[in-house]
Amino acid sequence: MVEIASPIAPIRRSVSYDPVIIALLGLAALLCFAKPILPDFLIRVPEAWVPPLANWLDTFFEFIKGDLDTGRPGLIHLTRWFAEGPLAFLLGVTANLLEGKHRWPFFDPLPWSTVAAVAAVIGYYLGGWRLALLGGGTFVWTALVGQWKIAMQTLSVLAVAAPLAFLIGLTLGIMAWKWGWFERMIKPVLAILQTIPFFTYLLPAVIFFKVGPTAGAIATTIYAIPPMVLMTTLGLKKVAPEIIEAGKMSGCTRLQMLFRVFIPSARTEILVGVNQVIMLCLAMVVLTAFIGMPGLGGKLLAMMNSFKLGRSFEIGVTIVLVAITLDRMSKAWVVKLPVHHERGTPWHIRHKYLVMAVAAFVFFLLLSQFVDILDKVGRKQSLSMGREIDTVIKGALAIDAVKSVTETIRYVLNVWVLIPFRNALLWIPTPAFILVVVAFAWGFGGKRPALFATAFFTTVAFSGWWDRSVITLYSVISAVILSVMIGVPLGILASRSKTWATRILLVCDTAQTFPSFIYLLPAIMLFGVSDVTVVLSIVIFTTVPLTRYTIEGLRNVPAEMTEAADMSGATRRQKLLNVQLPMALPTMAVGFNQAIMFAFFMVIIAAFIGTQDLGQELQRTLAGTDLGKNFVLGMNVALMALTFDLTLMSWAGKKNKMLGLSAR
Amino acid sequence: MSTQTPVIRCRNVWKLFGANPEQYLKTMPAGRSYEDIHADGYIAGVKDVSVDVGRGEMLVIMGLSGSGKSTLVRCFSRLHDITGGTIEVEGQDVMALSEKELIELRRSKMGMVFQSFGLLPHRTVLDNVAFPLEMRGQNRHDRRERALEVIKLVGLEGREDYFPRELSGGQQQRVGIARSLAIEPDIWFLDEPFSALDPLIRREMQDEFLRLQEMLGKTIVFITHDFDEALRLADRIAIMKNGAIEQCDTPDQIVLKPRTPYVRKFTEEIEKSRVVHAGVLAKPINGTAVEGDPVAGDLTIHQLARQLVGDTRDNLPVAGKDGALIGVLNRQTALDVLLGDG
């Protein structure tokens, strides 16, 4: 027990009674108590003190943007040229092939059966029958429920954005690996890019790259670049020194080293990057619905707006299926390793999958010329049961028992929890609020995160959007607290048995591939359009990483430690509280952090349900050309998110080091 | 061993790791020990090493992990840039080479085998072996032919299309060996090539390696932390500690006359009779009466044990490879070695 107790003792003590924290919290409490007699400027930053940041930004953007009408030089000439030239061309090609848009090369759209068949062969190549079934089945479903066209609209953007993000990410990743200064420069930029709400990507994309698929593709591409850069750099750094030396001793030049040694050896990480690029692209391309992009996302948005639950549900299923298919296939590609053929194997056996794919394609192409249903599934023929499902869902929700439960939850949460909490947060004077956040950052992260917290939250206070920021934060905090109450016990429970742990992990992994938009669906179905829905959709979304990391953390406690606890005669409960949880805490903190990041992301999307936070304002900017305001709002979200990110990650890192576990 | 100009000649070579090693080395007073240097914030990877490697010689560098043996061999091939001193390979100062010349040198004269093989995971055996040839721009047909030749040489025929992960450790190292031999190097570096292998496979690979060396007669720098392996393979052994060479000598001399306590510690566990050869123990004849049949000088005392015990002569004549007498072996001295009293 001694061995176990020693690494744990410092953790208990680590939430220490640091005088700095006491001073910060004391001062905050003082400010709160003294609120009635405080001068106004200590309660909120007065309007007059708020610098017109949005205007400055507008001027700045206007300057670098240039003007198309007057011909004033600027960035927009370049971006519009790109959008209307090469990008529009590429998008035109994929749109023509997949959905039959009237663009070069002016083919008819591919019959759905050919796409499904080829997807099945690719699935078979990558992962056998199960993936073949998944790949083929997804497209068959899509065609049969009559969503082929919108699905192809989505995929045609994805087919351009994902490769583009891959290439740019790979190049930047190589540069960051090659030059330390470049990496130091790009890292904070990537961190900010990953926390900026997606509405902030969308407006500049629209302004610089025109409304429609081009803007959607650009926003999607930029959104998907960061993980590719990080994975590329990581992979290249991880290449074994002996492989590098073997390359040098073989007389490689620098270029040969890069392309023949480093990149192929970093294959796994680069392919993991590809998987993330694809998944992020899908998540984003669905969200481009908010700038009027047609496709699965657009349709889903429209259906949800008109409260057609049945059709929404069907589209949701399609999006989920496409997500799972893309995820499983790209992950299977990561672990797929080349296998040799015996000498003298004929060509068509060596390339049997290629032969199969071509054969299936040609077969269905010809067949669909004669059998119309294999070419297009018409509106009347589709098996969509939107209306029926709609009736069923709405009927189920209208059952008294169900209704009383949802009503009660809504009432209790709203009246007893959410609204009081929100009002309390709004009541706190701004300086006191900042002090509490800084105390939190200091206590967990240390000096550096505390400094950043001070700077970040002060900036938010002076941005002129304090109240809306607090409301945003309130949604995030209440949702994350709720999901901790669900996710952590669920994780602990699941990790008791190996089979359940694996099962729940699989569910979580699968759920994490769903585009975030999807998570709104169940919340809206259950609670309609209300404040509770916003919080609950975030809860559903954030419970996934929390559960996942709780299980991971508990599972990765070294076996000797739990065995030592067992041999010391610990009960299950003692073992959990004294050994497993302390050891798993750093990993759980990573999950907690991810949950907060997800929450910040979701709260902005949920804006369209109707909130009073930053997301709402952000969404409004999309209608105009108010770039400055859009950026200020986005910046506020990013700064708050970064504060949590820095604090929690620094805490997890410190704890892992202390416990001698490798950082995850 | 050859007496011609050495293939690798290194003089007072230093390799320091730290913030500003060149500057530090220039201002460092003479005679600073490894610990002194460490206290100054630097690690002496290689510390004032001077050693020559003759043509066709097999020099084994022996030392525990962290002794600087791998660093030293990487200085020879300039995988590491040295901090001070000179290293000449075939008369060329390696530090003076441009990047292009260095690449040329590695493409034409050097081969290296690594402890954990360093194979490229995405290439087949054939493509791994042909890799150095591909780098120097040989055409597909030629490099395939040459690669198949070396693959056959290391006994991996029929496995050309396998990927590294489909092979056992011993087989993977055979691929590593084949790759290093593909360009027909003059100098062959082997960095603990058999350390990652099971004892049985290791033994087998050592035999294989001796067979290859007999056939090819390359100049070899071989690194190991295994003293038995060093004794088994070496023409000369250089024992390293803390970046410096403690002793560089033939196995016989190292066992018979360890120069430092550190070297002695290694030799203590060794059965000397299995290392020491009759020819080394033999003294000049100088009028000693010799009678009877001579014993062969290239046999170890252990191999002669039966004869030594049974023989009645005080002094046995020793013959060289050509059969001519090279000296006499005092039976008592030999028996002392055999019984561990030497």
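The set of residues from the stretch B:64-107 being out of contact with any Gly (no Cβ under 8 Å at 6 or more places or on another chain) and at positive phi comprises B:Gly66, B:Arg78, B:Gly85, B:Glu90, B:Gly91. The single condition among (1) open to solvent by 60 Å² or more (accessible area, probe 1.4 Å); (2) closer than 26 Å to B:His141 by Cβ that B:Met110 does not meet is (1). Among the residues making up the stretch B:121-133, those that are more than 7 Å from chain A (Cβ to nearest Cβ) and closer than 23 Å to B:Val221 by Cβ are B:Asn128, B:Val129, B:Leu133.
For A:Ile428, are the conditions met, namely being modelled with pLDDT of 90 or more and over 30 Å from A:Val118 (Cβ atoms)?
Considered against the rule, which asks whether it is modelled with pLDDT of 90 or more and over 30 Å from A:Val118 (Cβ atoms), A:Ile428 comes out as yes.
Here is a check on your reading of the model: is B:Pro193 in the same structural domain as B:Lys69 (by TED's automatic domain parsing), at pLDDT 90 or above, closer than 23 Å to B:Gly56 by Cα and in a loop (DSSP other than H, G, I, E, B)? Against the criterion (in the same structural domain as B:Lys69 (by TED's automatic domain parsing), at pLDDT 90 or above, closer than 23 Å to B:Gly56 by Cα and in a loop (DSSP other than H, G, I, E, B)), B:Pro193 qualifies. Filtered by the rule that a residue be on the phi > 0 side of the Ramachandran plot, in a helix (DSSP H, G or I) and in contact (Cβ under 8 Å) with a residue 24 or more places away in the chain, the stretch A:120-148 gives no residues. With a requirement of 2 or more residues that are open to solvent by 40 Å² or more (accessible area, probe 1.4 Å) and polar (S, T, N, Q), the helices (runs of 4 or more DSSP H) lying completely within the stretch A:482-556 that satisfy it span A:498-513. Being surrounded by 14 or more Cβ atoms within 10 Å (Cβ to Cβ) and either touching a residue at least 40 places away in the same chain (Cβ under 8 Å) or at positive phi (or both) is a property that holds for B:Val7. Taking the residues in the stretch B:63-80 that are within 13 Å of chain A (Cβ to nearest Cβ) and out of contact with any Lys or Arg (no Cβ under 8 Å at 6 or more places or on another chain) as candidates, determine which candidate is surrounded by the fewest Cβ atoms within 10 Å (Cβ to Cβ). Of everything passing the filter in the stretch B:63-80, B:Arg78 is surrounded by the fewest Cβ atoms within 10 Å (Cβ to Cβ).
Of the residues in the stretch A:372-382, at least one is assigned to a helix (DSSP H, G or I), under 30 Å from A:Lys308 (Cα atoms) and not charged (D, E, K, R). B:Arg174 fulfils the conditions (1) surrounded by fewer than 22 Cβ atoms within 10 Å (Cβ to Cβ); (2) assigned to a helix (DSSP H, G or I) except for a single criterion, (1). From the list A:Thr232, A:Thr214, A:Thr220, A:Thr200, the lone residue that is away from chain B (no Cβ under 14 Å), modelled with pLDDT of 95 or more and either part of a helix (DSSP H, G or I) or open to solvent by 20 Å² or more (accessible area, probe 1.4 Å) (or both) is A:Thr232.
Checked against (1) open to solvent by 20 Å² or more (accessible area, probe 1.4 Å); (2) within 10 Å of chain A (Cβ to nearest Cβ); (3) not hydrophobic (A, V, I, L, M, F, W, C), B:Gly118 passes all but a single condition, namely (1). Looking only at the stretch B:207-232, which residues are open to solvent by 10 Å² or more (accessible area, probe 1.4 Å) and assigned to a helix (DSSP H, G or I)? Of everything in the stretch B:207-232, those that are open to solvent by 10 Å² or more (accessible area, probe 1.4 Å) and assigned to a helix (DSSP H, G or I) turn out to be B:Asp207, B:Glu208, B:Leu210, B:Arg211, B:Gln213, B:Glu214, B:Met215, B:Leu216, B:Phe227, B:Asp228, B:Leu231, B:Arg232.
The rows are residues; the columns are (1) over 30 Å from B:Asp228 (Cβ atoms); (2) touching a residue at least 40 places away in the same chain (Cβ under 8 Å).
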| position | (1), (2) |
| --- | --- |
| B:Gly279 | no, yes |
| B:Val290 | yes, no |
| B:Asp293 | yes, no |
| B:Arg306 | no, no |
| B:Asp314 | yes, no |
| B:Lys321 | no, no |
| B:Leu338 | no, yes |
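Just one of the listed residues (B:Arg146, B:Arg165) is of a type in the set (Lys, Arg), more than 13 Å from chain A (Cβ to nearest Cβ), in a helix (DSSP H, G or I) and within 26 Å of A:Val339 (Cβ to Cβ), namely B:Arg146.
For the stretch A:439-450, a residue qualifies if it is over 12 Å from A:Leu642 (Cα atoms), assigned to a helix (DSSP H, G or I) and of a type outside the set (Lys, Arg), and the qualifying residues are A:Ala439, A:Phe440, A:Trp442, A:Gly443, A:Phe444. Scanning the stretch B:134-143 for residues that are open to solvent by less than 60 Å² (accessible area, probe 1.4 Å) and either facing chain A (nearest Cβ under 8 Å) or part of a helix (DSSP H, G or I) (or both) yields B:Glu134, B:Met135, B:Arg143. Within the stretch B:149-162, the set of residues being more than 9 Å from chain A (Cβ to nearest Cβ), open to solvent by 30 Å² or more (accessible area, probe 1.4 Å) and not in a helix (DSSP H, G or I) comprises B:Gly155, B:Glu157.
Taking the stretch A:316-347 as the range and being among the aliphatic types (A, V, I, L, M) and either away from every other protein chain (no Cβ under 14 Å) or open to solvent by less than 30 Å² (accessible area, probe 1.4 Å) (or both) as the test, the residues that pass are A:Val317, A:Ile319, A:Val320, A:Leu321, A:Val322, A:Ala323, A:Ile324, A:Leu326, A:Met329, A:Ala332, A:Val334. Each residue in the stretch A:243-273 was checked for being away from every other protein chain (no Cβ under 13 Å) and open to solvent by less than 20 Å² (accessible area, probe 1.4 Å), and 1 of them qualify. Each residue in the stretch A:588-607 was checked for being open to solvent by less than 20 Å² (accessible area, probe 1.4 Å) and closer than 17 Å to A:Ala638 by Cα, and 11 pass. Checked against (1) out of contact with any Asp or Glu (no Cβ under 8 Å at 6 or more places or on another chain); (2) facing chain B (nearest Cβ under 10 Å), A:Ile225 passes all but a single condition, namely (2).
Checking A:Leu78, A:Leu53, A:Leu90 one by one, the residue that is farther than 24 Å from A:Val157 by Cβ and open to solvent by 30 Å² or more (accessible area, probe 1.4 Å) is A:Leu53 and no other. On the given criteria, is A:Gly610 of a type in the set (Gly, Ala, Ser), closer than 26 Å to A:Thr533 by Cα and surrounded by fewer than 22 Cβ atoms within 10 Å (Cβ to Cβ)? Spelling it out, A:Gly610 is indeed of a type in the set (Gly, Ala, Ser), closer than 26 Å to A:Thr533 by Cα and surrounded by fewer than 22 Cβ atoms within 10 Å (Cβ to Cβ). Please indicate, with yes or no, whether at least one residue in the stretch A:353-360 is more than 14 Å from chain B (Cβ to nearest Cβ) and open to solvent by less than 30 Å² (accessible area, probe 1.4 Å). Yes, the stretch A:353-360 contains at least one residue that is more than 14 Å from chain B (Cβ to nearest Cβ) and open to solvent by less than 30 Å² (accessible area, probe 1.4 Å).
The values are calculated or read from the model by the stated rules, or taken from the named source; none is laboratory data. Computed from a prediction, not measured in an experiment: that's the story for all the values here. Every residue, glycine among them, receives a Cβ derived from its backbone with ideal geometry; neighbour counts consider all protein chains shown. The area values use the complete protein model at the heavy-atom level, side chains included, leaving out ligands, DNA and RNA. Shrake-Rupley method; radii C 1.70, N 1.55, O 1.52, S 1.80 Å.
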